[in-house]
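Here the structure comes first, spelled out in structure tokens, and everything after it is commentary.
What follows draws every value from the coordinates through simple rules; no lab data is involved. Since we're looking at a predicted model, the values are computed, not measured. Don't worry about glycine lacking a Cβ; one is built from the backbone with ideal geometry, like all the others, and counts go over all protein chains shown.
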Amino acid sequence: MKKILIIVDHPQRDLLGSVYLAEELVKNNFIVILTQMYNFHEVFLFNPDLVIINHGRMKKFQSSGIDIVIEYCQISGAKLIVMDNEGGTLGDKHVKSYQKTINKSHKYVDKYYLWGENKTPLVKKNSNKYLVTGHPRFDPYFIKNFKNDFLLNFKKRNYILVNTSFAALNQLKGDKHGIEALKKYKNTSVYCDHKLLFDRFTSFFRYFAKKYPKIRFVLRPHPFESENFYKNEFKNYSNIEILSEGDIFFYLKYCKFSIVSDCQTSLESILAKKNCINFKKYRNEFNLLDQISLKAENEIDLERIIKKLLKNNKVYNLNKKIKIVSKYYNNVNDSSSKIITRSIVNLFKGETKEILNIPFYKIIKIYFNKRSIIETIKFILKIIFGTNLIFYLKSLYANDIYRKKNFKVNQVLELLSIKHKGKLHVKKSTVLDLYYKYLIFPQSIILKK
């Protein structure tokens with residue numbers, strides 16, 4: 001059977017969709033390997049027939065190793081697909097960056113899956129490499145009676161969901177890139193506005209939670225925000241709970257309504273058929289959100305709208321709002337996982353070419369050409385000894401990102417659809433699963449029949 005390796009960037013955001021897509025692929029006789037972003041070196045050890053990467057950025061600073069994976073696929077002959085986990089980009093600045101990225105990586109990929117029709121004007125004309133698919137992580141919103149162990153064990157009910165988006169200001173411990181970016185951000189004209197909004201956002205919830213102790217909140221920080229700030233900020237408030245495990249889908253499913261600050265959760269709230277209050281930045285970047293959210297431009301507005309929704313929580317003009325969202329999320333119209341699976345099956349139809357068994361020194365050479373000598377030595381050490389101990393120590397003393405980006409077999413199992421549980425074999429990989437048996441303790445998860 002053909003082996004498909006999917007790189008999973010941030011489990012909190014991406015694992016549910018990757019598992020759901022894996023289920024569809026395994027049903028169609030593929031072996032699927034889920035690999036953590038910081039263990040991308042395992043791509044080369046499995047010698048997969050197809051690699052699904054989480055973005056097409058090829059600059060070293062932004063790449064996180066994806067540039068090396070792209071080069072590897074060019075040499076080995078493995079097929080390459082981009083299933084962009086951040087394809088819902090809304091702001092003008094981000095759209096221009098996204099356009100540059102997808103057109104630059106165009107010649108290296110077999111397929112580039114777009115979230116919505118709004119992205120098609122950005123891509124190269126007359127190319128059959130682009131396909132509007134949506135993203136698998138949004139499929140569960142449209143599946144009747146969707147169940148998995150995580151959902152069955154999620155006992156929270158009757159709460160207001162607060163989804164924060166202040167990653168630039170409230171950074172994870174040890175995030176070196178974030179710290180450098182913050183230094184530059186502090187010199188921009190929008191920093192003071194953003195910082196003031198952040199302070200107002202947290203002070204409002206201190207005030208409101210104290211005034212209305214019977215109203216319950218679940219606060220879910222952005223995947224790249226520090227939870228510790230909120231835990232310290234609200235440690236004396238019994239009606240504010242800080243939770244981050246699992247996909248936003250689970251939290252939206254059982255909340256009364258959501259409160260955000262200019263973030264993509266506004267669109268996902270509509271998918272979940274829930275109202276969303278948008279506590280806006282002073283300089284609103286996303287006019288789209290004004291069409292689907294309830295605007296709160298100050299604390300008085302926010303309190304008034306919360307109290308109003310607690311009395312009448314009907315989502316007005318829902319069909320119109322879903323139609324607006326459908327331009328950005330194709331899942332409104334079809335199942336992303338099924339579209340992607342059909343596309344991958346067609347990629348292999350009539351395929352006779354075998355993946356090249358390239359000498360491993362050529363992979364080392366790829367790395368050496370892209371990185372420094374010291375980085376290449378570190379790469380070789382990872383190939384031999386793995387990353388488990390290194391990342392564990394870093395998560396304790398240096399960097400929360402390593403802890404947050406790791407996932408294990410039990411997390412995959414609890415996200416597996418109940419209807420597929422027992423029908424699919426899920427296991428942590430061992431050295432016996434590797435084509436190049438150099439790594440004693442691989443961390444990838446394998447799903448197969």
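Points worth noting:
- The share of Cα pairs per 10 Å bin across the stretch 155-329, counted from zero up to the longest distance, runs 9, 38, 38, 14, 1 percent.
- When the chain is treated as a GNM with alpha-carbon contacts under 10 Å, the residue of TYR98, TYR207, TYR435 showing the greatest mean-square fluctuation is TYR207.
- Helix 360-370 axis, angle to the chain major axis (alpha carbon atoms, nearest 10°): 50
- Antiparallel %, DSSP beta bridges [both residues in the chain], to 5: 20
- Exposure proxy order (Cβ contacts within 10 Å, fewest to most) of SER417, SER18, SER105: SER417, SER105, SER18
- Summary of the geometry: the stretch 282-336 and the stretch 158-191, compared by the centres of their Cα atoms, lie 23 Å apart.
- Considering only beta bridges that DSSP places wholly inside the stretch 155-329, some 5 percent are antiparallel.
- Relative contact order, percent, the stretch 155-329 [alpha-carbon distance under 8 Å, six or more residues apart]: 25
- Given (1) -0.26, -0.60, -0.91, -1.28; (2) -0.58, -0.82, -0.97, -1.11; (3) -0.53, -0.82, -1.00, -1.17, the label whose value is log10 I(q)/I(0) by the Debye sum over Cα atoms at q = 0.06, 0.09, 0.11, 0.13 Å⁻¹ derived from this model: (1)
- Pairs beyond 25 Å (Cα-Cα), from LYS253/LYS419; LYS274/LYS311; LYS365/LYS408: LYS365/LYS408
- Computed from Cα atoms, the angle from the helix 176-185 axis to the main principal axis of the chain rounds to 50 degrees.
- Legend: residue pairs LYS104/LYS404; LYS79/LYS362; LYS210/LYS295, Cα-Cα distance threshold 26 Å; pairs beyond threshold, LYS104/LYS404.
- Peptides ranked, highest mean first, by Cβ atoms within 10 Å: ranges 117-126, 43-52: 43-52, 117-126
- Nearest 10 degrees, 0 to 90: helix 66-76 Cα axis against the chain principal axis: 30
- Fewest-first ranking of CYS73, CYS276, CYS192, using other Cβ atoms within 10 Å as the exposure measure: CYS192, CYS73, CYS276
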